[in-house]
1. Output the residue which, of all residues in the range 665-678 that are within 31 Å of the chain's Cα centre (by Cα) and within 16 Å of Ala614 (Cβ to Cβ), is surrounded by the most Cβ atoms within 10 Å (Cβ to Cβ).
2. Got at least one residue in the range 212-233 being in a strand (DSSP E or B), surrounded by fewer than 17 Cβ atoms within 10 Å (Cβ to Cβ) and in contact with a Pro (Cβ under 8 Å, 6 or more places away or on another chain)?
3. How many of the residues making up the range 651-669 are assigned to a loop (DSSP other than H, G, I, E, B) and within 12 Å of Phe628 (Cβ to Cβ)?
4. Test of understanding: among Thr606, Thr515, which residue is over 18 Å from the mean Cα position of the chain (by Cα), among the polar types (S, T, N, Q) and within 30 Å of Leu138 (Cβ to Cβ)?
5. Within the range 501-540, can you find the residues that are surrounded by 12 or more Cβ atoms within 10 Å (Cβ to Cβ) and of a type in the set (Val, Ile, Thr)?
6. Is it true that some residue in the range 428-445 is in contact (Cβ under 8 Å) with a residue 24 or more places away in the chain, of a type outside the set (Asp, Glu) and in a strand (DSSP E or B)?
7. Is it the case, given these coordinates, that Pro618 is in contact with a Gly (Cβ under 9 Å, 6 or more places away or on another chain), of a type outside the set (Asp, Glu), part of a loop (DSSP other than H, G, I, E, B) and farther than 20 Å from Asp137 by Cα?
Amino acid sequence: MPAQPLGQAGFVVPGAPSCRRLLRRVRAILRAMNGRARTSSTLLLLGGLLAACGARAPHPHPAGTEPSATEPAGLTKAGSGEPGTALVADAPPCRPGPMASTPSERARAAALEALHAGQLESASRGFEEIVRSSPRDLGAQALARAARQRLLDANRRAAAEADRVEPVRLASLPLAAQSPEPLALGGAEALTVAKLSEKANLITDDADWVMRVGVAPPSRRLGTMRGDDTPLPAYVAASLRGIAPSAIYTHADHVIVVYGQLVGVYAEGRTPRVFDLRQATRPPSPRALELVFAQLVGEALILQLAYNGYAKDSGGKNAYVAAFDAKDGRLRWSSDALVANSENFVIAGSRLVTGYGFTAEPDALFVLDLATGKTAQKLPLKSGPDLILSRGDELHVRTYDTDYVFRLQPAARPAPAASLAPARRDERPAVTSEQRCYVDASLAAIDRRDADALAAATDGLIRAGGDPALHAALEGVRRFLDVQSDTATRRIDLSTVDPVVVAAPPWAYTLSRPTTKPRPAGVTLRRTGSARVDPVAAFQESRKPPRPGEPAFIAPVEQGKLPPSVRQDIPSKYAGETLRAIVPSGDSLLLVYGGRYLAIVEGNTTTAVLDLEAFRHPPAANPQWKEFAVQDLTYAQIVGRTLYVANGGGSYAREVYGKKGYMSAIDLDSKKLVWRSDPLVVGHDFAIEGELIVTGYGFTGEIDKLFVLWRETGEKLAEARLDSAPSRIRAKKADDRVLVHVIAYDQAYDYEITSPDLAIGTRR
């Protein structure tokens, strides 16, 4: 058999798969030995193994030249002249992969170019988009990890820099309008604000309003409990004095990040500034104030300080705007009370626009003089202002129930630029053509799932001085492919199949194919017992890790975290969606991602991934409840070659005109709908026993019921009223009956199903 070269590794690999596998393991051993003493006996042993496959053995490093822990063993440091091993001797030049030809490949190439250029946020967004649209692209997944890691590394470096900055302690707030030292604005032209229009909104359509305005809100809360894992800009500190960030305020030339009672002011290529707010937020008042919004204007830090509550709770001492000197923290001016508790303010030329409102209190938009903080205009509103967005010469104001548009006269100039000193530049070495070539070759190898070629390319990348984060991500794929090549170590891999989009279902009972089976007759559903359940205790019990073999349900805030009782090789994400449920079903494992995707795994093989997005969106919904109308996939089971799924998510039935709570049967061979049930039959999970499906539906203020469906057609065979909404259903055969146990909000029920047709309860 002719020998096949292994690229950059510098030795020859015979074509036999066993030798290729052996050499990959030798390579892994050498990497594992990195930074450790290599005994002559060990190297001789490895040399013998290599020789058996016609490969050259590595030689030990001379004394004092052992590679460091950060350098993979067997490589010569590029340009160092340090001796390495024969693994890289006479390495052939890099041969790049093919040019990008498909839209996905071109998108990946564009994001990679951003990564090479150090545009980490753009690169991260680009790769994440590719992962969502092309979940089989292992290369994009690796690059997304590399971009995110580089961002995190940059955030850590920024944290170290910010920790070296001495915080400026801001003065105490006087709780009264004062202007001891007005700001010098350089002759900025005074302007006025005039109302153009007002229109009632739907109260809950905030996102739609922002989209119509076309301006991103400048304030964003941070934290995993909000399900927001958007990375910080690369120049922003990951923490400050050990405190994690809680909010970020974005402006044209800088960002401000909140860390407890500290704030950091950042801009790319600038030295950060740090401020201590403890005195400013703890004035002599019955209520402490919180930072709501901030902006650095020249050498003045403008803060909006308020608490969430009635003005009477503090004798009216609430909701101020204040300007502090950024150099020494002294007060430059403070506004009147009760002018500012909106989510943000907007600076327009010589004016600052903010707003105040609270239940049973006057609501208004306030225009302050930026130089002194004095009120220049007060414009009444019908309800409290939440968000103020500037677009051209217009101000768009979102209140609780009304949307306003105001005109700035004359059109305002931008706010004075933030004063931030230039930072010392750490020039990052330019990415060389050789490094680019090895990255491209690595991606081409990943696309082919060629572990040997990938190993050669990643070895070349590190030898050429490539980015460690990028190398680590690509090496992770290489290790994964090595694992997948051995049936004994193979893990779940969802990237081996393309997701199949299941066609949009009807929103009424449908049977797509006729049946010749007789409909079960005389099916009865009878309650045999019930007991009170403590809702709190039941909730706590539901939070415990499931027992092996039981379904596991994972809350979105858990970010796909795996319970200890399930397989630990289950991917926590797929196509950008987090893992929501792990459901054993016979010989299969059903994985639900984001309420949209259902992956079917048999052993270590992914047999199918279904995209059920069309099942989630009803044909019509009350606009006020649009964001709550989504009906997630909540549970699934397989019997034979039929998949049964529940779309039990969503809110009140009336808000989607009764179109929710469906069971569906899907043929796994054709991926087409077999039947769809009537609406309002399932809220979360279901149980299958023989020819029967037991489901339940309930919601606040709606009728709670238990149903028995015929598995063949989805028709209702029996139903019974419940006193509260069911959350868990279990069923089992017992002689000539099917026994059903139901856990509801505050009750546990026992039912039995009987029928003259005893076959209904036979195992499928």
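1. Going through the qualifying residues, I end up with Ile666.
2. no
3. 3
4. Every option except Thr606 fails the conditions.
5. Correct list: Val501, Val502, Thr510, Thr515, Val523, Thr524, Val533.
6. Among the residues of the range 428-445, not one is in contact (Cβ under 8 Å) with a residue 24 or more places away in the chain, of a type outside the set (Asp, Glu) and in a strand (DSSP E or B), which makes the answer no.
7. yes
A quick yes/no check of all residues on (1) of a type outside the set (A, V, I, L, M, F, W, C); (2) outside the structural domain of Leu202 (by TED's automatic domain parsing); (3) touching a strand residue (DSSP E or B) at 6+ places or on another chain (Cβ under 8 Å):
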site: Ala575; (1), (2), (3): no, yes, yes
site: Ser585; (1), (2), (3): yes, yes, yes
site: Leu591; (1), (2), (3): no, yes, yes
site: Ile600; (1), (2), (3): no, yes, yes
site: Ala614; (1), (2), (3): no, yes, yes
site: Asn622; (1), (2), (3): yes, yes, no
site: Asn647; (1), (2), (3): yes, yes, yes
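The values are calculated or read from the model by the stated rules, or taken from the named source; none is laboratory data. Source: prediction; values computed, not measured. Heads up, the Cβs are rebuilt from the backbone with ideal geometry, glycines too, and the neighbour counts pull from every protein chain shown.
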